[in-house]
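Before any comments, here is the structure.
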Amino acid sequence: MDESIAFSTGERETSPSQLPIGQILLARGFISAGDLERGLAFQTQFGGRLGAVLVRIGALSESNLLMALSDQLGLPILASNELPADAAPILTVIERSGQIPEWWLDQEAVVWENAADGAICCAARDPLSPSLAEAVELAFAGQQIQWWLVLNQDLDRVLDNVEQALHQQRHNASDEISHLRHLAEEAPVVELVSNTLSQALGERASDIHVEPEERRFRIRYRIDGVLHTRLDLPSERFDAVSSRIKLLAGMDIAERRLPQDGRTTQRINGQQIDIRVSALPGTWGESLVLRLLPKERQQLQLETLGMEIDHRRAFTTAIEEPNGIVLVTGPTGSGKSTTLYAALEAINDGKKKIITAEDPVEYDIVGVNQVQIHAEIGYSFARALRSILRQDPDIIMIGEIRDLETAQIAVQASLTGHLVFSTLHTNDAVSAFTCLVDMGVEPFLIAASLRMVVAQRLVRRLCSRCAAAAEPPSDQILAELRPAIALDRLNQAHWRRSIGCAECQNTGYKGRLGIYELVEVIEPLQEAILRRGTAREATDIARHAGARSLRQDGLLKAASGITSVDEIMRVTGLKIAD
């Protein structure tokens, strides 16, 4: 068999000598004609490369074969002392590539980085293997690759080192997992995590944050939207606590370099609680956030969300339309999903087909078909929507409009007789128009399909036990409020401030409610959208039509004594509107 074949070196294919390997060996005097005949006969009967056959039958030394192959392929020969002395540089390059499986390299070849010029060096048992060349070139695309010829005994020595190092790594990883699992199952750790969950639920926390630092880690609860530190512990206990949480959530306790998500259901304080866990690698370890979602909840009603009567009336009219889009906007954690769930509860009379696409499904709603999005397997909002439209729905809820494809399908659904609810991440209601245009949705489609945009935030309620009377706010704040409130209501305002007591954990607040900005897409707004008007122009049209800003709606609630002016300014910002 002719071994004079082209071989890729990563940049070009080289074949310095067109002579067959047998002719090169004869020319250099390494074998006789009789040796060549015996080798060819053996090769014909048993197969294999001619050079390897000649070495096997004792007609040729491996050193002489390498010199002949060097002539034929134009590849240099690597001396024994030039190979890496240990496996560390080889394993470093393998791990960095991320594309060559360790078990295959362990059998076929080794790669390392040349310290002088940064080129990737490769020494293989069979350097003519096209699959090996392809794999290495793919893994190190864009880098210079230098192939070497090496004696089998030298390669065996290095491969043995690599195998031992890999075995030690696997052993260490197995030991580490066993150690972490043991730590996570120790009674004090189990008790600490259980008590943390119980205390968080008892304090009405929505999230638990476990945050490692250099020498300590802290556990904080998000209560009514504000974080409160509850534990500050030495860093030596962090691995055990994080491993316990990850085990509960079905996560890989040995993986600390990549973000992970998990989920579990636990019975805490007599309630079934869904817990969503997110792990994010950081400088001092993984930051863990646990979202607590009670399965058993009171039925959501629009009356309990905090909407003023006029807002509730307008919103109810919008969600009872036979078609169109109703958007709820705001940042993460502003209560958008809760508002949409309450809307579905309000119109779920058993006569309509309602389907939702959510990521994740937070609460089960009786009589509603809820679909869980799985983006990791390609089941996106857009793909789910296409399937949902084939289910003959009357009302569709999309957890979030994230891209043009989803937005286009939502618009088309609304224009073909469906009522669509969804959310967007914008700061105010009118920004939804420009956000959709920026996504690529045509303005005429936005104007034709949108019925209402709601912006919202969550503010804390004053504690009913300890709240005290407060002086009216500044003239600037009152001037901003006056366009949105009747004079008699302003004169009867009941301003209050927070104090703090044992019942509210000395925060002065207990519970939350929403503040809202409702913008109905009336004809002047449609015209502004069609001519791609500015957000300021759209805001002026909405205000002229009577739409209150988030700040004005919040100050209305402060004037009623439900919350404080300080809380409204904290949530909406300190800047006074022009």
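The values are calculated or read from the model by the stated rules, or taken from the named source; none is laboratory data. Note that this is a predicted model, so its numbers are computed, not measured. Reconstructed Cβ throughout: ideal geometry from the backbone, glycine too, with neighbour counts over all protein chains shown. Surface accessibility is based on the protein's heavy atoms, side chains included, excluding ligands, DNA and RNA. Shrake-Rupley method; radii C 1.70, N 1.55, O 1.52, S 1.80 Å.
Annotations
- For the chain, C121, C122, C435 stand unpaired, since no other cysteine beta carbon lies under 4.7 Å from theirs.
- Chain lengthening between Q271 and A375 when straightened (0.36 nm per residue, less Cα-Cα): 34.4 nm
- Between I499 and R56, residue separation times 0.36 nm minus the direct Cα-Cα distance comes to 150.3 nm.
- In Å², nearest 10: area of D403 left accessible to a 1.4 Å probe: 60
- Rounded FRET efficiency, nearest 0.05, which uses the C-beta distance separating R536 from N491 and R0 of 30 Å: 0.40
- For the chain: accessible area per residue (Å², 1.4 Å): 49
- For the chain, a crude dipole built from +1 on the beta carbon of Lys and Arg and -1 on the beta carbon of Asp and Glu, taken about the Cα centre, is about 2600 debye to the nearest 20.
- Full extension of the chain between R216 and Q23 yields a length gain of 62.3 nm, computed as 0.36 nm times the residue separation minus the alpha carbon distance.
- Ranked by solvent-accessible area (1.4 Å probe, protein heavy atoms only, all chains present), the residues Y509, Y379 order from largest to smallest as Y379, Y509.
- The modelled label-to-label distance between L233 and E255, using points 7 Å beyond Cα along the C-beta direction, is 2.4 nm.
- Share antiparallel - DSSP beta bridges, the chain, percent rounded to 5: 65
- Taking 16 Å as the cut-off, the amide N atoms of segment 46-86 that come nearer than this to a point 7 Å along the Cα-to-beta-carbon line of R125 belong to 48-49, 52-53, 56.
- Inter-site label distance for V361 and S194 at 7 Å from Cα along Cβ, in nm: 3.0
- If you sort D71, D488, D438 by accessible surface, 1.4 Å probe, largest first, the order is D438, D488, D71.
- Taking a point 7 Å from the Cα of E345 along the Cα-to-Cβ direction, the residues of segment 363-392 with backbone N closer than 18 Å to it are 363-370.
- Approximate spin-label separation L280-Q164, in nm, with each point projected 7 Å along Cα-to-Cβ: 4.3
- Against the set (1) 49, 28, 25; (2) 68, 31, 21; (3) 51, 32, 22, the structure's computed semi-axes √(5λ) of the Cα gyration tensor in Å falls on (2).
- Two-site FRET efficiency, T44 against M67, from Cβ-Cβ distance with R₀ of 30 Å, rounded to 0.05: 0.75
- A straight Cα-to-Cα reach below 30 Å connects K353 with the lysines K295, K336, residues fewer than 8 places away in its own chain not being considered.
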